[in-house]
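The values are calculated or read from the model by the stated rules, or taken from the named source; none is laboratory data. Nothing here was measured: the structure is a model prediction, and the numbers come from that model. Positions of Cβ are generated from backbone atoms using ideal geometry, with glycine treated the same way; all protein chains shown enter the neighbour counts.
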Amino acid sequence: MTGTTATDSPLQPAAAQLAAFVAGLKYEDIPEDIRDLARDCLIDAVACAAFGRRFPWSEMVLAEATETGGGGACHLPGVDGSALHLPQAALALGTFAHSFELDSLRKPGAGVHPGATVALPALEAAQERDASGRDLIVAVVAACEVMFRIGAATLHTPEKAGFHAPGLTGPFGAAAACGKIMGLSAEEIAHAFGLAGSFGGGLLAFARSGQGGMVKRLHLGRAAEGGVLAARLAGRGFEGPASVLDGDFGLLDAYCSDTRAELLTAGLGQDWEMQKLCIKSFACHVTAQAPIHGLRNLMEEQGFAGDDIAGLRLSCADKVVSHHGNSRPVDVMGAQYSVPYSLALSAFSDPADPGTFMSFDANPRVADLATRIVLEAHPDKRKGWGAEMTVRLHDGRAFTVDAETFPGCPETPLSADQLRHKFDLLMRGTDRNEAAAIYGLFMKLPEVDRVAAAWREIYA
């Protein structure tokens, strides 16, 4: 149990209880393995952002952020030139991190992306406020504990109505992280949450319209920016409703068709939600990750190739069928969001290399196979990312496997070497010495007295 009294007043609104937890959390309260997960989240987020910087949608957001917020104290990984003010830095980095479907999340899924909306805003706030490495770790842990619980309490139902969940939960994570770095009081952080509820947004129209997929990348940038603004305004005395989470017309009431409000504070300070951190293996939607892992293992074990596959059937969650079943995507975002297309692409190319997903529409055999992949909702797979997969080959053979996990899940975490491999892979476009210095900084983060000075030293 932490030193906070967050759970001692069950009649308080959940936002007040969560705010008290954030304000009271200390480095010494956090188990070592949870601190290590916060470090890993930061390492992965920076690598995802550095890789995501190269895309045209990121370039447009950076141009806007630089024009409106240049001359600040926040240096961005992978970006040369002047630094940005904190809100614009959060906008840019949140977009970069989510720019190519590589950033971290929670398992079981809850509509949260901690790398984009917690780790990176916290890193930039630590630069602006000259915080220590320990301060940064505490902020990441505190914010993940808050955001993961909020996502869990929604039961992921906002997406059934067409809302993109990370755009709703993200502002709360960024507000918690930045509020902690800023040293806000529990009352001020509660107000920041009240404001964050009005900064959330993001529609899933891109998933059905067949175009406009760039906007999905922006949802995480806007969420990160919104949380930063919420914390900064709360620090100036701006007030928000205490009932923002569990009251009438609050988040759960307004966006969700089914909820479990008790999950907002369940086990707070005792059961660490950070243990549910999930780091992606492949540059596509998370619902394709376990099937891809299962398919690639099957191909290696049985010695067949993509051209040998006559058809493939997945028994999976109904949300995968309704939201991720488009077998004829027309752009990169649609391809990464499509389970059939991502599977087909992985049958012909190495999915661990993000460059594989940059070659959308380059191989007609991929497009053909995608149309022969059938998704069907299965009652035993109502929740989660797992699927029962049956692969039929042209020679008449058929194989059925349960694809339930992939490297990076809490039950199958990445080893230190695997995490470093992903980091190095994503940092290939970054100067080698710069990349090594960033990795070294995070590995010694508890001993860093001033994050801003250490970061400036890398870019001196």
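Assorted remarks:
- On inspection, Asp449 does not qualify as assigned to a loop (DSSP other than H, G, I, E, B), in contact (Cβ under 8 Å) with a residue 24 or more places away in the chain and in the same structural domain as Arg328 (by TED's automatic domain parsing).
- Region 30-89, subset polar (S, T, N, Q) and touching a strand residue (DSSP E or B) at 6+ places or on another chain (Cβ under 8 Å), residue nearest to Trp455 (Cα to Cα): Ser82
- Pair list, Cβ under 6 Å, 6 or more apart: region 359-371 residue at pLDDT 95 or above, other residue surrounded by 13 or more Cβ atoms within 10 Å (Cβ to Cβ) and part of a helix (DSSP H, G or I): Val366/Ala344; Val366/Leu345; Val366/Phe348; Leu369/Ala344; Ala370/Pro340; Ala370/Tyr341; Ala370/Ala344
- Note on region 199-226: among residues that are part of a loop (DSSP other than H, G, I, E, B) and in contact with a Leu (Cβ under 8 Å, 6 or more places away or on another chain), the one that is surrounded by the most Cβ atoms within 10 Å (Cβ to Cβ) is Gly200.
- Some residue of region 159-169 being under 28 Å from Gly133 (Cβ atoms), in a helix (DSSP H, G or I) and not acidic (Asp, Glu): yes
- Inclusion of Asp402 among residues that are at pLDDT below 95 and out of contact with any strand residue (DSSP E or B) (no Cβ under 7 Å at 6 or more places or on another chain) is not warranted.
- From the list Arg35, Arg39, Arg54, Arg106, the lone residue that is surrounded by 23 or more Cβ atoms within 10 Å (Cβ to Cβ) and assigned by TED's automatic domain parsing to the domain that holds Cys178 is Arg106.
- First in region 299-318 and within 16 Å of Glu388 (Cα to Cα), second anywhere and at pLDDT below 95 and in a loop (DSSP other than H, G, I, E, B), Cβ under 6 Å, 6 or more apart: Ser315/His378; Ala317/Arg382
- Restricted to region 331-353, and to residues there that are within 24 Å of His421 (Cα to Cα) and touching a Ser or Thr at 6+ places or on another chain (Cβ under 8 Å), the residue that is surrounded by the most Cβ atoms within 10 Å (Cβ to Cβ) is Leu345.
- Considering the conditions (1) part of a loop (DSSP other than H, G, I, E, B); (2) at pLDDT below 95; (3) assigned by TED's automatic domain parsing to the domain that holds Arg39; (4) surrounded by fewer than 18 Cβ atoms within 10 Å (Cβ to Cβ), Thr430 is excluded by exactly one of them, (4).
- Subset of region 82-101 that is touching a Ser or Thr at 6+ places or on another chain (Cβ under 8 Å) and in a helix (DSSP H, G or I) - its residue that is surrounded by the fewest Cβ atoms within 10 Å (Cβ to Cβ): Gln88
- When we screen Met389, Met358 for residues that are hydrophobic (A, V, I, L, M, F, W, C) and within 23 Å of the chain's Cα centre (by Cα), the only hit is Met358.
- The listed residue being in the same structural domain as Met60 (by TED's automatic domain parsing), more than 25 Å from Pro87 (Cβ to Cβ), assigned to a helix (DSSP H, G or I) and in contact with a helix residue (DSSP H, G or I) (Cβ under 9 Å, 6 or more places away or on another chain), out of Leu229, Leu252, Leu233: Leu252
- Test result for Glu273, outside the structural domain of Val391 (by TED's automatic domain parsing) and either crowded, with 24+ Cβ neighbours inside 10 Å or touching a residue at least 60 places away in the same chain (Cβ under 8 Å) (or both): yes
- Residues that are of a type in the set (Ser, Thr, Tyr) number at least 2 in the following helices (runs of 4 or more DSSP H) confined to region 281-380: 339-348.
- Residues of region 385-413 that turn out to be at positive phi and either surrounded by fewer than 18 Cβ atoms within 10 Å (Cβ to Cβ) or acidic (Asp, Glu) (or both), as a count: 1
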